[in-house]
Every structure is written in C-alpha cells, then in structure tokens.
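K.L.:
Questions regarding the structure given below will be posed in turn.
Throughout, read-outs are computed from the coordinates displayed, never taken from laboratory work. Keep in mind that this is a model prediction, so the values were computed, not measured. Quick reminder, even Gly has a Cβ in these numbers, built from the backbone with ideal geometry, and neighbours come from all protein chains shown.
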Amino acid sequence: MYDEFCFVIDSRKVIPGCIFVAIKGEKTDGHLYVKDALSKGAKYAVVEKPVDAPKECLIRVDSTVDFLINTAWERIQRYEPFVIGITGSNGKTTTKELIYQSIGKELCFSNPGNFNTEIGLPLSIINHYRGERYLALEMAMNKFGDIARLCQIAQPDISVLLNVGTAHRGVAGSDQAILDGKLQIVEMMKPNGTAVVINDERILQRISTKSLVTFGYQKGDYQLMNYFYDDLCTIAAYKTINEIVQFQFRSIWNVGQLTNIAAVLAVLDLIKIKPSKDLIENFSPIQGRFKVFRHRDVFIIDDCYNASLESFKVAVETLRKLGKRSFAVVGSIKEQGIYSDQTHQELGKILECTDGVIVYNSEPEIDAMVCSKEILRTNDIEKIVSFLRKTIKPQDAILFKASRAVQMENVLAKYLEGDQ
Ligand code: ADP
C-alpha cells in the first residue's frame, strides 16, 4: 500500500502529493502542522487525534507511529529480504556502512545513520526500500523495548551486537536496562537466525542461541589480533574461521572500530560474500566519527559527532598510540541522567594519560570532571583557539570530542580556519 507516495513527518519538507504523518514528539506535536502540510500540497495527513482540516484529506489511525511501523512491515513482508540487524552502543553506522558497501547497492538496502529509530527506520523503508535482496539495518536504542519494536518491522536473519556500553544511560534508566534492551536483537531474530556477538562474558552468559558467532579484540571466533599505526595508516591483522588476513587501512582506525571490522568479516562469511580488501582498506570514516587528518603538521582527531565513556576510551588510547604529544579538547557527555557526575569523573581519569586537556564548558555536565591535566576551561571558542595556537607545536595530536549537543565541530572549525 501507499507505494506511490512519499511519506513526510516534517511539514517544512512537504512536497506536493506526499503523505504527511503527524507525530507527537517531545518538543512539538505534528498535529499542529497538518493544515500547513495540506496547504503546501500534501495529499493526505495521517492523524491520531481530531484536527481542524477537510475530512477527505485525513487518514485517522489509533497511533501514527504504529501506522508507520505497520506500513514498513508490509513493505518488507512483500519482498522477504534477508535482514542483517545491527545494534550496539558504539559503531553501528560504520559497521552497517561497511556491510552495505561490501554487499553492494544493487543487492542491499540500508537505512541512513540518523534513521535508526522507530520513526526513522520505517520512514526510510517506506520511502526508499524497493525490494533489494538484503537489508542492512542499524537499530538504535534509547530505552528498553526499542530494539524489539524495530525487530518487529524487520526480523533479523543475522543479529549483530557490537557492544553494550553506557551511552544514553540516563534515558535508558540503568546499565542493566541497556544490556537487557540490546539483547533483544538476539532474542527477536528469526528462529533459524545467527547471532554475531562481541566476546564479552557479561553478554555471552545471557545468550542461549545455538547459532552463535563471536568476535573481539584478541578473543572470539573472529579476532582483531593486533594493530599499529604508520603515519596516517593503520595496519591490522585478523584471524577468521579460515585464515589470517591483514589490512592496511588508508586512515587511522581506533581499536573499537577495528574490532567492529571483525564483526563485518563474520557477517560476510555467513552470507558467503568475499570481503573486498580494497573497499575495506579505503573506507573513509564518516565526518565527525573519529576522522583523523593532518592540518599544518598537527594530527587532528575529529570525533565531534558524539561521545560516550567507551568511545572516549578508545579515542584516547589511539591518541597515546600515535606516540605524539597529545591534547584533548573535550565537552559534556549528554543523556547520562543520574549517572552524569560519575560519568564525568570517570572521563577525568581516562584523560589523565594525555598531555593537556582543554575543557569547552558550553554545557554544564562537564563541570563534574576533574583531571590533573586540565590546562584551560572556558565556553569561549576564541579563547580555546588562541590558546591552542600558542600551545600546539608541529607533530602534536589533538582530539576534539563531546556529545552532539555540545557542537564541538564549531570549535574545530574555528581552529582550522585561517592562518595560524
Ligand atoms: P554509532 O552509529 O553507533 O553512533 P559510529 O559508527 O557513528 O557509531 O561511531 C561513533 C563513535 O563510536 C566514534 O567515536 C567511534 O570511534 C566510536 N566507536 C566505534 N566502535 C566502537 C567500539 N567498538 N568501542 C568503542 N567506541 C567505538
């Protein structure tokens, strides 16, 4: 149903002839924009409560989110694709992207990184999935139950659980809720499905499925055995079920990302697709997600897109492993709720092994962070930039990292701007 329509949930993005779906969000309620959407040319509006608009333009349902989910589910039922579901606290987008590109766009559909929720995932399927044989879908979890709902739309044949960390733990409520919630990707897969899971005791002891493949750093069926950096390249060796392979990545990858590649190799083996060495080695990390480059002889790690304790840990590990004088410009880790102070205290400890920490305190959570390496704390971007220009020498390395809401990319952009 509705094959010929484009679905839109933001009235500013309405195009003539589309269907506008009114969703009640945290900040606003789509029902307030139904008239606007119809006046801009939407053919129908899907609503779950009365609105003042011509009846013939309205499709009334109990829940507009369920409507999206059911429509996406119907689309998938029609084609019965092979579903690879990917979740984890860190690394979903990169892992999914590598699997997607390895299978190839003729055969595979994948959801864009920010379309991984109970609204985004169905929207991307309804608007763009046209029957490709494979679906590589990243599934995000904010709270317990989210993953189960996403698996109801597209029940995985292969379920990939990358890791279980502390990201969004304020929203999920507890670390236990994060673990339970993420394990749903394994519990909800097809009866003859296979789980590809990080070799972590805390997780493995909860999994009873017979068809299980593990991966990890120096452990598991598929292992990252070792890695080192050579200028802006990463050389890494993997043990798979059949062989030992070495990759020479054309960029710097951190140990977390390198471990995810072991999961990619496991998935490709399961679906009998030979990994393209060229593709994997040349894959370029997505902007803001641990992208390392040289700027005027200084190594910059752009990790502005998001932050959690685990991703900070691997980022700082890389900073040290690069063997340079290392600095970190850091900001708050958001969505930590009652754990916020604890998280930032732990962050302070992680940053002890750098040579200098610059705190961008535009958001308040970072106030709880104490680190003996702190050399500046301000919410003034100009001050940070002029301090860096005085302090940083050629061959130094700087990490820029914070949660999305901090907008650390503005600090980085200012630093990169103009002459030093
Ligand atoms: P997601 O889609 O889950 O947010 P991304 O692929 O966008 O993941 O990567 C986000 C961040 O997570 C980056 O900082 C990256 O370096 C980090 N990361 C990726 N994999 C891991 C891992 N296994 N452990 C810790 N951090 C990781």
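K.L.:
Report yes if some residue within the stretch 265-276 is of a type in the set (Gly, Ala, Ser) and away from the ligand (no atom under 15 Å from the Cβ); otherwise report no.
P.N.:
Scanning the stretch 265-276 turns up at least one residue that is of a type in the set (Gly, Ala, Ser) and away from the ligand (no atom under 15 Å from the Cβ).
K.L.:
Could you list all residues from the stretch 84-139 that are of a type in the set (A, V, I, L, M, F, W, C) and under 23 Å from residue 274 (Cβ atoms)?
P.N.:
84, 86, 98, 99, 103, 107, 108, 109, 135, 136, 137
K.L.:
Take the stretch 233-264 and flag every residue that is more than 16 Å from the ligand (Cβ to nearest atom) and either basic (Lys, Arg) or within 21 Å of residue 398 (Cβ to Cβ) (or both).
P.N.:
Within the stretch 233-264, 233, 239, 250 meet the criteria.
K.L.:
Quick check, is residue 161 within 13 Å of the ligand (Cβ to nearest atom), under 17 Å from residue 257 (Cα atoms) and without any contact (Cβ under 8 Å) to a residue 40 or more places away in the chain?
P.N.:
Working: within 13 Å of the ligand (Cβ to nearest atom): yes; under 17 Å from residue 257 (Cα atoms): yes; without any contact (Cβ under 8 Å) to a residue 40 or more places away in the chain: no.
So residue 161 does not fit the description; no.
K.L.:
Inspect all residues belonging to the stretch 86-104 and state whether any of them is at positive phi, more than 25 Å from the chain's Cα centre (by Cα) and surrounded by fewer than 16 Cβ atoms within 10 Å (Cβ to Cβ).
P.N.:
At the first step, the residues of the stretch 86-104 found to be at positive phi are 88, 91, 104.
Subset that is more than 25 Å from the chain's Cα centre (by Cα): none.
There is no residue in the stretch 86-104 that is at positive phi, more than 25 Å from the chain's Cα centre (by Cα) and surrounded by fewer than 16 Cβ atoms within 10 Å (Cβ to Cβ).
K.L.:
If I go through the stretch 1-38 residue by residue, how many of them are within 15 Å of residue 58 (Cβ to Cβ) and of a type in the set (Lys, Arg)?
P.N.:
Of the residues in that region, 1 qualify.
K.L.:
Just the residues that are among the aliphatic types (A, V, I, L, M), touching a residue at least 60 places away in the same chain (Cβ under 8 Å) and farther than 21 Å from residue 287 by Cβ, please, taken from the stretch 75-128.
P.N.:
76, 83, 84, 103, 119, 123, 126
K.L.:
Only one of (1) within 27 Å of residue 187 (Cβ to Cβ); (2) in contact with a strand residue (DSSP E or B) (Cβ under 7 Å, 6 or more places away or on another chain); (3) of a type in the set (Lys, Arg) fails for residue 43. Which number is that?
P.N.:
(1)
K.L.:
Take the residues in the stretch 277-313 that are polar (S, T, N, Q) and crowded, with 17+ Cβ neighbours inside 10 Å; name whichever of them is nearest to the ligand (Cβ to nearest atom).
P.N.:
311
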